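Okay, so here's the structure we're looking at.
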Amino acid sequence: MVASSVLGFPRIGANREVKKAVEAYWAGKLSADELTKVAAEVKKTSWTSLKERGVDLIPSGDFSLYDHVLDHSAAFNVIPKRYLGHNLSPLDVYFAMGRGRQADGVDVPASEMKKWFDSNYHFVVPEFSEETDFKLLFNKAVEEFNEAKAAGVSTRPVVLGPPITLLPKLLPIYKQLLGDLKAAGAEWVQVDEPFLVLDAASNLEKQFAIAYSELAPVSPKILLTTYYGRLDSNLKFVAKLPVAGLHIDLDRAPGQLDEVIAAVKPTNLVLSLGLVSGRNIWKTDIEAAVKLGQKTVEAIGTDRVIIATSSSLLHTPVTLAAENKLTAEQKDWFAFALEKASEVSTIAAVISGSQDAKVASAYEANKTSIAKRREFERTSDDAVRKRVAAITPDMLNRKSPFAVRKEIQKQKLNLPKFPTTTIGSFPQTKEIRTARAKLGKKEITEEEYNEFIKKEIESVVRFQEKTGLDLLVHGEPERNDMVQYFGERLHGFVFTQNGWVQSYGSRYVRPPILVSDVSRPGPITVEWSKYAQSVTTKPMKGMLTGPVTILNWSFPRADVSREVQCKQLALALRDEVIDLEKGGISAVQVDEPALREGLPLRKADWAEYLGWALPSFKLATAGVTDALQTHSHFCYSDFDDIFTSIQDLDADVISIEASKSDMKLLNTFKHYGYSNQIGPGVYDIHSPRVPGEQEIKDRVAAMLAILPADLLFINPDCGLKTRGWKETETSLVNLVNAARWARQTY
Ligand code: GLN
Ligand code: ZN
């Protein structure tokens with residue numbers, strides 16, 4: 001029999017129970033015991049529902065109250081000193097590491113967060129130091145394995161592989177951890193090693209060999225689990241590691257199957273085929289998956305094949321069952337985590353030659369769904385497709401070079417030296433959210449809502465005038481979210497009611513789903529920007545989310561390339577930028593904070609991605625006259641990797657998150673000779689802390705030591721949406737004063 005497996009399950013609960021409980025615990029409204037109870041319920045529900053759906057190898061140990069990487073840090077005593085000695089319970093130390101703590105005289109910032117590989121999930125970066133005293137404080141894998149067993153479900157525990165650079169210190173601990181699992185009766189353990197799909201793993205062959213030859217003898221059978229990409233040349237040594245099984249991602253890297261089969265054939269390795277996507281929400285084409293499974297079975301035998309999800313299902317919502325606003329036709333296209341669990345068991349059963357009527361009918365139903373979706377795809381929007389096909393190189397470039405545009409824009413916008421501006425949003429107050437909720441519930445009319453938003457815009461404009469900012473924004477009060485807002489106003493997207501996916505800690509997002517060709521039925525932001533401009537004589541900056549970011553923060557279609565989807569988005573936004581200019585707006589910012597995140601894991605794939613991502617941004621922004629000042633904004637990134645790409649975008653002005661990264665970043669800009677205007681953030685908006693006037697002056701002075709004076713803009717790091725008004729006011733007054741000082745000093 002071919003076994004079926006799921007590598008990990010969403011830990012948020014079908015109704016976001018975990019978020020609610022964790023936040024209630026933080027607010028002091030729920031005890032630690034009650035929180036543990038909620039978590040136990042969610043875990044039990046996941047295990048039993050996977051079992052009911054016929055999954056053979058069910059994960060445990062992958063649950064987390066905040067982040068699974070943080071769980072490992074806490075278990076291994078990788079706890080920086082600053083969190084200790086405050087008399088906090090282990091649970092509170094854990095949360096303090098994740099989100100900082102500011103209460104009862106304790107004031108510690110959170111640990112750094114980073115994106116997990118190329119996903120939008122953020123993990124808490126472990127902080128090691130010379131003083132770190134690695135030891136196993138508790139064994140979560142064993143605890144959850146036993147917890148599942150008590151609930152009547154036997155599981156395959158999940159453990160993150162040891163960070164290879166810390167092997168000497170960590171091997172004894174991993175031995176203990178895995179040995180305890182074996183003693184607890186676990187037959188298999190899933191050791192996650194997504195690191196193996198990176199270029200960086202290629203020269204660590206020796207370390208991996210040492211690690212696994214030490215671990216294998218004491219451990220349950222190890223399934224070495226790779227995902228998010230292909231093994232490539234790492235396959236050579238991976239296939240020789242002394243483990244019992246290997247998992248590969250055939251969603252992200254379908255091309256590697258033949259090579260992997262060839263490599264494992266002479267060994268005894270069990271091969272786990274990641275055929276059901278852990279990263280997207282489309283139904284699996286079961287017939288196609290069955291073929292790949294059969295081919296593998298023919299090569300290495302039934303007992304050595306497992307049918308699995310490509311990665312953990314952490315990146316997908318829990319279940320489609322709760323969606324009642326999608327049409328029946330739309331619902332039939334998707335599979336969320338629970339539905340994916342059924343898919344793996346169906347695929348495995350079909351390959352095993354099951355005669356079960358339920359399996360047969362699930363298989364038939366899937367064939368029908370896939371055929372219907374293909375049929376739908378044929379009803380695509382020809383006009384949009386033709387437009388994409390007709391994109392010409394000259395559509396990607398502005399009419400004149402930056403130097404010429406700069407002079408024209410100087411006349412038009414009449415900005416002072418060191419212009420001040422903000423990144424777009426102003427505080428999203430409770431009143432704004434309430435008004436939007438009321439509109440949603442039809443408690444107020446569209447007109448009443450619009451009047452309310454207009455008042456908000458006007459007051460934000462007055463505030464900026466009073467503060468003395470130079471290039472104004474309308475404040476984005478009408479937006480729920482920078483991607484959802486545009487998705488809802490473009491053709492081609494659908495939205496879920498409950499499709500939440502964990503982004504970090506208790507922050508979940510609900511990505512829009514791209515389902516068909518994208519077009520713009522009409523202007524989106526133009527009326528708001530025009531209104532904002534009508535109440536002031538200062539120049540107004542229009543505000544859009546860029547095509548790459550909209551794509552990267554949505555679930556993309558699986559039937560059309562990301563390139564095509566991005567270009568369709570770009571064309572829609574291009575029309576919007578043109579309409580903004582026609583409407584009398586003299587600057588437009590097109591945000592691309594997710595440009596870096598979309599960069600492929602393998603360097604060899606970068607050129608392909610950048611080859612359509614950069615032109616898409618340019619396509620969106622180059623349809624205007626030289627007089628329109630284009631801006632773009634980047635944050636959450638390490639820019640070194642994409643520096644030259646940012647230059648290629650040829651935006652007139654860019655703003656970047658910089659207040660935390662010292663001046664290292666600016667040196668990079670200098671090193672490469674960045675030639676357009678640039679506003680490195682001088683105010684860290686991620687914290688309620690107000691930057692003092694002198695502090696901003698010092699930053700500006702440091703920037704001017706590196707950057708040419710005629711290129712510098714002065715602005716915060718990012719949008720002010722999550723900030724309160726009070727700190728925003730003081731901070732921006734300080735920012736404007738620092739700019740005034742700079743104008744006199746330089
Ligand atoms: N214009 C957006 C805002 O100000 C930019 C947000 C972002 O970079 N994430 O909110
Ligand atoms: Zn930002």
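As for the range 491-512, it holds no residue that is under 22 Å from the mean Cα position of the chain (by Cα), modelled with pLDDT of 95 or more and part of a helix (DSSP H, G or I). Is the range 554-577 home to any residue that is within 16 Å of ligand 1 (Cβ to nearest atom), in a loop (DSSP other than H, G, I, E, B) and farther than 24 Å from D199 by Cα? Yes. Residue check: D638 meets all listed conditions (1) farther than 22 Å from D470 by Cα; (2) free of Cβ contacts under 8 Å to residues at least 40 places away in the same chain but one, namely (2).
Test E476 against the stated conditions and say whether it is over 28 Å from K114 (Cα atoms), within 30 Å of the chain's Cα centre (by Cα) and in contact (Cβ under 8 Å) with a residue 12 or more places away in the chain. Considered against the rule, which asks whether it is over 28 Å from K114 (Cα atoms), within 30 Å of the chain's Cα centre (by Cα) and in contact (Cβ under 8 Å) with a residue 12 or more places away in the chain, E476 comes out as no. Once the range 613-646 is narrowed to residues that are among the β-branched types (V, I, T) and either within 16 Å of ligand 2 (Cβ to nearest atom) or modelled with pLDDT of 95 or more (or both), the residue that is farthest from L551 (Cα to Cα) is T625.
Of the listed requirements (1) in contact with a Cys (Cβ under 6 Å, 6 or more places away or on another chain); (2) over 25 Å from K115 (Cα atoms); (3) among the aliphatic types (A, V, I, L, M), V535 misses just one: (1). The condition (being surrounded by fewer than 21 Cβ atoms within 10 Å (Cβ to Cβ), part of a loop (DSSP other than H, G, I, E, B) and either free of Cβ contacts under 8 Å to residues at least 60 places away in the same chain or in contact with a strand residue (DSSP E or B) (Cβ under 7 Å, 6 or more places away or on another chain) (or both)) is satisfied by just one residue among K135, K149, K169, K182: K135.
The range 23-115 holds helices (runs of 4 or more DSSP H) entirely within its bounds, and those carrying 3 or more residues that are touching a residue at least 40 places away in the same chain (Cβ under 8 Å) and over 23 Å from G152 (Cβ atoms) map to 68-75, 90-99. Filter the range 593-629 for residues that are outside any helix (DSSP H, G or I), within 21 Å of S119 (Cβ to Cβ) and among the acidic types (D, E) and give the result. Answer for the range 593-629, where residues must be outside any helix (DSSP H, G or I), within 21 Å of S119 (Cβ to Cβ) and among the acidic types (D, E): just E597. Of the strands (runs of 3 or more DSSP E) lying entirely inside the range 189-297, the ones with 3 or more residues being closer than 30 Å to V560 by Cβ are found at 245-249, 270-276. Of all residue pairs spaced 6 or more apart or on separate chains, those with beta-carbon atoms under 7 Å, a first member in the range 704-730 that is under 19 Å from G468 (Cα atoms) and within 16 Å of ligand 1 (Cβ to nearest atom) and a second member that is among the hydroxyl-bearing types (S, T, Y) and assigned to a loop (DSSP other than H, G, I, E, B) are N715/T422; P716/T422; P716/Y683; D717/S659; D717/Y683; L720/T422. Taking the range 428-455 as the range and being without any contact (Cβ under 8 Å) to a residue 60 or more places away in the chain, within 30 Å of the chain's Cα centre (by Cα) and in a helix (DSSP H, G or I) as the test, the residues that pass are K430, E431, I432, R433, T434, A435, R436, A437, K438, L439, G440.
The values are calculated or read from the model by the stated rules, or taken from the named source; none is laboratory data. Note that the structure is a prediction, hence the values are computed from the model and not measured. Here the Cβ is made from the backbone with ideal geometry for all residues, glycine too, and neighbour counts use every protein chain on show.
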